[in-house]
Amino acid sequence: MNISGNTILITGGGSGIGEALAHRFHDLGNTVIIAGRRVEALEQVASSRPGIHALPLDISDAADIVAFTQRVVAEHPALNVVINNAGIMRFETLDQTRDLSDAEATITTNLLGPIRIADALIEHLLARPDAVLINVSSGLAFVPLAATPTYSASKAAIHSYTVSLREVLKGRVEVIELVPPAVQTDLTPGQANREGYLPLADFIDEVMALFQHQPTPPEILVQRVAFQRNAEAEHRFDEAVTTLNDAVRKAREKQR
(Lines give C-alpha, C1' and ligand atoms only; values in the text may rest on other atoms or scores of the structure.)
Protein backbone atom coordinates (compact mmCIF):
# COMPACT_ATOMS: atom_id res chain seq x y z
CA MET A 1 0.00 0.00 0.00
CA ASN A 2 1.22 3.48 -0.84
CA ILE A 3 1.24 5.46 2.39
CA SER A 4 0.57 8.85 0.75
CA GLY A 5 -1.13 10.31 -2.30
CA ASN A 6 -4.32 8.29 -1.86
CA THR A 7 -7.98 9.20 -1.59
CA ILE A 8 -9.19 7.18 1.39
CA LEU A 9 -12.72 6.44 2.60
CA ILE A 10 -13.04 5.56 6.30
CA THR A 11 -16.42 4.44 7.63
CA GLY A 12 -17.02 5.09 11.31
CA GLY A 13 -14.70 8.07 11.05
CA GLY A 14 -16.34 10.22 13.69
CA SER A 15 -14.53 8.83 16.73
CA GLY A 16 -12.12 6.25 18.09
CA ILE A 17 -9.98 4.24 15.70
CA GLY A 18 -11.66 5.76 12.63
CA GLU A 19 -10.94 9.32 13.77
CA ALA A 20 -7.33 8.47 14.62
CA LEU A 21 -6.76 6.79 11.25
CA ALA A 22 -8.29 9.78 9.46
CA HIS A 23 -5.94 12.24 11.14
CA ARG A 24 -2.83 10.09 10.71
CA PHE A 25 -3.46 9.34 7.03
CA HIS A 26 -4.27 13.00 6.41
CA ASP A 27 -0.99 13.98 8.07
CA LEU A 28 0.80 11.76 5.54
CA GLY A 29 -0.60 13.63 2.55
CA ASN A 30 -3.77 11.70 1.76
CA THR A 31 -7.22 13.03 0.95
CA VAL A 32 -9.59 11.44 3.47
CA ILE A 33 -13.37 10.98 3.38
CA ILE A 34 -14.94 10.10 6.72
CA ALA A 35 -18.43 8.67 6.92
CA GLY A 36 -20.86 7.90 9.73
CA ARG A 37 -24.24 8.66 11.25
CA ARG A 38 -23.20 11.47 13.61
CA VAL A 39 -22.67 14.45 11.32
CA GLU A 40 -21.53 16.78 14.11
CA ALA A 41 -18.84 14.31 15.19
CA LEU A 42 -17.64 13.94 11.60
CA GLU A 43 -17.45 17.70 11.16
CA GLN A 44 -15.43 18.00 14.35
CA VAL A 45 -12.92 15.43 13.05
CA ALA A 46 -12.66 17.33 9.76
CA SER A 47 -12.46 20.81 11.30
CA SER A 48 -9.34 22.82 10.36
CA ARG A 49 -8.33 20.03 7.97
CA PRO A 50 -9.32 20.97 4.39
CA GLY A 51 -8.20 17.58 3.09
CA ILE A 52 -10.76 15.70 5.20
CA HIS A 53 -14.32 15.53 3.90
CA ALA A 54 -17.30 14.46 6.02
CA LEU A 55 -20.25 12.61 4.49
CA PRO A 56 -23.26 11.09 6.30
CA LEU A 57 -23.78 7.34 6.07
CA ASP A 58 -26.03 4.87 7.86
CA ILE A 59 -24.02 1.67 7.50
CA SER A 60 -27.02 -0.39 8.65
CA ASP A 61 -29.21 0.82 5.77
CA ALA A 62 -28.68 -1.00 2.46
CA ALA A 63 -30.37 1.71 0.39
CA ASP A 64 -28.30 4.43 2.06
CA ILE A 65 -25.11 2.53 1.25
CA VAL A 66 -26.06 2.47 -2.44
CA ALA A 67 -26.81 6.21 -2.48
CA PHE A 68 -23.70 7.02 -0.45
CA THR A 69 -21.30 5.03 -2.63
CA GLN A 70 -22.72 6.62 -5.77
CA ARG A 71 -22.20 10.04 -4.23
CA VAL A 72 -18.67 9.37 -2.98
CA VAL A 73 -17.52 8.08 -6.37
CA ALA A 74 -19.09 11.07 -8.13
CA GLU A 75 -17.55 13.60 -5.76
CA HIS A 76 -14.21 11.80 -5.26
CA PRO A 77 -13.45 9.81 -8.43
CA ALA A 78 -9.83 9.37 -7.31
CA LEU A 79 -11.00 7.15 -4.42
CA ASN A 80 -8.65 4.19 -4.26
CA VAL A 81 -8.57 3.08 -0.61
CA VAL A 82 -11.58 1.92 1.41
CA ILE A 83 -11.36 1.22 5.15
CA ASN A 84 -14.38 -0.62 6.55
CA ASN A 85 -14.10 0.49 10.17
CA ALA A 86 -17.67 1.22 11.33
CA GLY A 87 -18.99 -1.16 13.98
CA ILE A 88 -21.01 -1.58 17.14
CA MET A 89 -20.45 -3.77 20.19
CA ARG A 90 -23.34 -4.83 22.42
CA PHE A 91 -23.26 -6.89 25.59
CA GLU A 92 -25.67 -9.83 25.51
CA THR A 93 -26.96 -12.49 27.91
CA LEU A 94 -26.95 -16.03 26.51
CA ASP A 95 -28.48 -18.02 29.37
CA GLN A 96 -32.05 -16.76 28.96
CA THR A 97 -34.49 -15.99 26.17
CA ARG A 98 -34.09 -12.37 25.13
CA ASP A 99 -34.86 -9.70 22.58
CA LEU A 100 -32.45 -10.38 19.69
CA SER A 101 -32.48 -6.83 18.33
CA ASP A 102 -28.91 -6.21 19.56
CA ALA A 103 -27.68 -9.34 17.81
CA GLU A 104 -29.49 -8.41 14.61
CA ALA A 105 -28.14 -4.85 14.65
CA THR A 106 -24.62 -6.13 15.24
CA ILE A 107 -24.75 -8.48 12.24
CA THR A 108 -26.29 -5.79 10.04
CA THR A 109 -23.67 -3.19 10.98
CA ASN A 110 -20.52 -5.23 11.47
CA LEU A 111 -20.92 -7.87 8.76
CA LEU A 112 -23.48 -6.82 6.17
CA GLY A 113 -22.26 -3.23 6.25
CA PRO A 114 -18.70 -3.98 5.10
CA ILE A 115 -19.95 -6.59 2.62
CA ARG A 116 -22.32 -4.04 1.08
CA ILE A 117 -19.68 -1.30 0.97
CA ALA A 118 -17.18 -3.62 -0.71
CA ASP A 119 -19.78 -4.85 -3.17
CA ALA A 120 -20.87 -1.34 -4.11
CA LEU A 121 -17.32 -0.08 -4.64
CA ILE A 122 -15.50 -3.12 -6.01
CA GLU A 123 -15.83 -2.25 -9.70
CA HIS A 124 -14.62 1.28 -9.01
CA LEU A 125 -11.63 -0.05 -7.06
CA LEU A 126 -10.77 -2.53 -9.80
CA ALA A 127 -10.50 0.38 -12.21
CA ARG A 128 -8.23 2.42 -9.94
CA PRO A 129 -4.43 2.13 -9.71
CA ASP A 130 -2.99 1.13 -6.33
CA ALA A 131 -6.40 0.17 -4.97
CA VAL A 132 -6.66 -1.11 -1.41
CA LEU A 133 -9.53 -2.55 0.62
CA ILE A 134 -9.02 -2.67 4.40
CA ASN A 135 -11.42 -4.46 6.74
CA VAL A 136 -11.19 -3.84 10.48
CA SER A 137 -11.85 -7.03 12.42
CA SER A 138 -10.82 -7.64 16.05
CA GLY A 139 -8.74 -9.87 18.26
CA LEU A 140 -12.14 -11.21 19.33
CA ALA A 141 -12.42 -12.81 15.90
CA PHE A 142 -9.84 -15.32 17.14
CA VAL A 143 -10.61 -15.57 20.88
CA PRO A 144 -14.22 -14.53 21.63
CA LEU A 145 -15.55 -12.50 24.51
CA ALA A 146 -18.57 -14.37 25.85
CA ALA A 147 -20.25 -11.18 27.02
CA THR A 148 -20.29 -9.88 23.41
CA PRO A 149 -20.93 -13.09 21.48
CA THR A 150 -22.47 -11.64 18.33
CA TYR A 151 -19.78 -8.97 18.05
CA SER A 152 -17.10 -11.66 18.33
CA ALA A 153 -18.88 -13.82 15.75
CA SER A 154 -19.32 -10.91 13.35
CA LYS A 155 -15.60 -10.18 13.49
CA ALA A 156 -14.74 -13.84 12.93
CA ALA A 157 -16.95 -13.68 9.85
CA ILE A 158 -15.24 -10.49 8.65
CA HIS A 159 -11.86 -12.23 9.01
CA SER A 160 -13.05 -15.13 6.88
CA TYR A 161 -14.68 -12.86 4.31
CA THR A 162 -11.48 -10.81 4.06
CA VAL A 163 -9.45 -13.95 3.35
CA SER A 164 -11.85 -14.76 0.49
CA LEU A 165 -11.64 -11.21 -0.88
CA ARG A 166 -7.85 -11.36 -0.79
CA GLU A 167 -7.80 -14.59 -2.78
CA VAL A 168 -10.27 -13.39 -5.41
CA LEU A 169 -8.73 -9.92 -5.81
CA LYS A 170 -5.10 -11.07 -5.73
CA GLY A 171 -2.97 -8.92 -8.04
CA ARG A 172 -5.80 -6.45 -8.65
CA VAL A 173 -6.85 -4.93 -5.32
CA GLU A 174 -4.68 -5.18 -2.21
CA VAL A 175 -6.76 -6.57 0.67
CA ILE A 176 -5.62 -5.91 4.24
CA GLU A 177 -7.12 -6.87 7.59
CA LEU A 178 -6.56 -4.55 10.57
CA VAL A 179 -6.94 -6.53 13.81
CA PRO A 180 -7.25 -4.36 16.94
CA PRO A 181 -6.92 -5.77 20.45
CA ALA A 182 -8.93 -4.18 23.28
CA VAL A 183 -8.31 -0.45 22.71
CA GLN A 184 -9.36 2.48 24.87
CA THR A 185 -12.19 3.97 22.78
CA ASP A 186 -15.88 4.72 23.29
CA LEU A 187 -16.96 1.49 21.59
CA THR A 188 -18.63 0.38 24.84
CA PRO A 189 -19.49 2.34 28.00
CA GLY A 190 -16.41 2.96 30.15
CA GLN A 191 -14.01 1.43 27.63
CA ALA A 192 -12.13 4.68 26.97
CA ASN A 193 -10.70 4.51 30.50
CA ARG A 194 -10.72 0.78 31.12
CA GLU A 195 -7.62 -0.55 32.86
CA GLY A 196 -5.60 -3.01 30.84
CA TYR A 197 -6.86 -1.81 27.46
CA LEU A 198 -4.33 -0.41 24.98
CA PRO A 199 -4.33 3.42 24.83
CA LEU A 200 -5.63 4.60 21.45
CA ALA A 201 -2.56 6.74 20.72
CA ASP A 202 -0.21 3.80 21.34
CA PHE A 203 -2.33 1.56 19.14
CA ILE A 204 -2.37 4.03 16.25
CA ASP A 205 1.38 4.69 16.51
CA GLU A 206 2.05 0.98 16.07
CA VAL A 207 -0.56 0.57 13.35
CA MET A 208 0.82 3.41 11.22
CA ALA A 209 4.33 2.04 11.54
CA LEU A 210 3.09 -1.32 10.26
CA PHE A 211 1.27 0.31 7.34
CA GLN A 212 4.59 1.80 6.25
CA HIS A 213 6.27 -1.60 5.95
CA GLN A 214 6.98 -2.63 2.37
CA PRO A 215 5.29 -4.78 1.34
CA THR A 216 2.40 -3.93 3.64
CA PRO A 217 1.47 -6.98 5.75
CA PRO A 218 -1.84 -8.61 4.75
CA GLU A 219 -2.76 -8.46 8.44
CA ILE A 220 -1.94 -5.41 10.55
CA LEU A 221 -1.21 -6.97 13.94
CA VAL A 222 0.05 -4.89 16.85
CA GLN A 223 2.02 -6.82 19.45
CA ARG A 224 -0.82 -6.81 21.99
CA VAL A 225 -3.17 -8.76 19.68
CA ALA A 226 -0.78 -11.69 19.13
CA PHE A 227 -2.16 -13.29 22.32
CA GLN A 228 -5.50 -13.75 20.52
CA ARG A 229 -4.43 -14.06 16.87
CA ASN A 230 -1.98 -16.89 17.55
CA ALA A 231 -3.83 -18.72 20.33
CA GLU A 232 -5.15 -21.59 18.24
CA ALA A 233 -1.95 -22.05 16.22
CA GLU A 234 0.03 -22.17 19.46
CA HIS A 235 -2.35 -24.77 20.98
CA ARG A 236 -3.47 -22.56 23.86
CA PHE A 237 -6.93 -21.57 22.65
CA ASP A 238 -8.93 -22.84 25.66
CA GLU A 239 -6.54 -21.16 28.06
CA ALA A 240 -6.76 -17.91 26.09
CA VAL A 241 -10.57 -17.95 26.21
CA THR A 242 -10.51 -18.31 29.99
CA THR A 243 -7.77 -15.71 30.49
CA LEU A 244 -9.38 -13.12 28.22
CA ASN A 245 -12.88 -13.47 29.63
CA ASP A 246 -11.68 -13.39 33.24
CA ALA A 247 -9.56 -10.29 32.60
CA VAL A 248 -12.35 -8.35 30.89
CA ARG A 249 -14.89 -9.30 33.56
CA LYS A 250 -12.58 -8.08 36.32
CA ALA A 251 -11.77 -4.84 34.48
CA ARG A 252 -15.48 -4.07 34.00
CA GLU A 253 -16.32 -4.92 37.60
CA LYS A 254 -13.57 -2.62 38.83
CA GLN A 255 -15.23 0.32 37.04
CA ARG A 256 -18.63 -0.24 38.69
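Brief remarks on what is shown
- For residue 238, the criteria (1) of a type outside the set (A, V, I, L, M); (2) in contact (Cβ under 8 Å) with a residue 60 or more places away in the chain; (3) at negative phi hold in every case but one, which is (2).
- Among the residues of the range 25-52, those identified as under 22 Å from residue 129 (Cα atoms) and part of a helix (DSSP H, G or I) are 25, 26, 27.
- Filter result (of a type in the set (Gly, Ala, Ser) and in a loop (DSSP other than H, G, I, E, B)) within the range 86-109: 86, 87
- Output for the range 38-66, where each listed residue is small (Gly, Ala, Ser) and surrounded by 13 or more Cβ atoms within 10 Å (Cβ to Cβ): 41, 46, 51, 54, 60, 62
- Residues in the range 75-116 that are free of Cβ contacts under 8 Å to residues at least 60 places away in the same chain, more than 18 Å from residue 56 (Cα to Cα) and crowded, with 21+ Cβ neighbours inside 10 Å: 106 alone.
- Flag for residue 232 being modelled with pLDDT of 95 or more, under 24 Å from residue 10 (Cα atoms) and either surrounded by 16 or more Cβ atoms within 10 Å (Cβ to Cβ) or of a type outside the set (Phe, Trp, Tyr) (or both): no
- Set side by side, the residues 133, 121, 112 differ, and just one is in a strand (DSSP E or B) and modelled with pLDDT of 95 or more, which is 133.
- Selection count where residues are outside any loop (DSSP other than H, G, I, E, B) and surrounded by 15 or more Cβ atoms within 10 Å (Cβ to Cβ), scope the range 187-205: 6
The values are calculated or read from the model by the stated rules, or taken from the named source; none is laboratory data. The model shown is predicted, which means the values in this text are computed figures rather than measured ones. So basically every Cβ, Gly included, is an ideal-geometry build from the backbone, and we count neighbours across all protein chains shown.
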